[in-house]
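S.K.: Structure in structure tokens, see below.
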Amino acid sequence: MPKIADIEYTPNPNAVKFILKEPVTNGTSRSFQDAEDAKSDALASALFDVGNVTSVFYMDRFITVNKEDEVTWEDMLRKLAEPIRSAPSAAELPPPASAQPTYVPGDNPLLDRINEVLDQKVRPGLAGDGGGLEIIGLNDKQLLIRYQGACGSCPSSIGGTLMAIEHMLKEEVDSDIEVISV
């Protein structure tokens, strides 16, 4: 059972990041946009059951929960802590069933280079704020991404962060890349 080491507020006022003393996954991320999407995941489902939760994102030693505008964190934090403390740690879980990822390393050298830059320069910063970024696909030079966790509903992810990612990829990978958040 993971214990909460700390709670951090993120740049997104509707998202909070729970820092854990032990991992709930082994390097994989899990992102859920609604309770229906989370039905097959015990932890995410329990967090949605608290009520007023709009999304759940977790990986390794952190969990990010987004809430509805109308409720305060004061009302939510204690309620969210209970299912987090009750969840099994990664060591207690069976190995995950293999799912087909949207990005498969080695299939496309351009996509491999993009992913490498994202891993080195973008994802650590997003994770620091309770978020993540998933590659959905690459159509010609159009990169489709999905923000996860706190970044999924953060106003700056749509504007400044997206432009910064696109600029970085144009500089380091290919000057014709266009990044689109879906």
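Read-outs throughout are calculated quantities, based only on the coordinates presented, and are distinct from any laboratory measurement. Since the structure is predicted, the reported quantities are computational estimates derived from the model, not experimental observations. Note that we place each Cβ from the backbone using ideal geometry, even for glycine, and neighbour counts take in every protein chain shown.
S.K.: Starting from region 39-67, keep only residues that are over 17 Å from Glu8 (Cα atoms), then list their pairs with residues that are of a type in the set (Phe, Trp, Tyr) whose Cβ atoms are within a distance under 8 Å, requiring at least 6 positions of separation or different chains.
M.R.: Matching pairs, first to second residue: Asp41/Phe32; Leu43/Tyr58; Ala44/Phe32; Ala44/Tyr58; Phe48/Phe32.
S.K.: How many residues are exposed (fewer than 14 other Cβ atoms within 10 Å of the Cβ) and among the polar types (S, T, N, Q) when one looks only at region 108-136?
M.R.: Number of matching residues: 1.
S.K.: Okay, moving on. Would you mention how many residues in region 56-84 are touching a strand residue (DSSP E or B) at 6+ places or on another chain (Cβ under 8 Å), farther than 18 Å from Thr25 by Cβ and part of a loop (DSSP other than H, G, I, E, B)?
M.R.: 1
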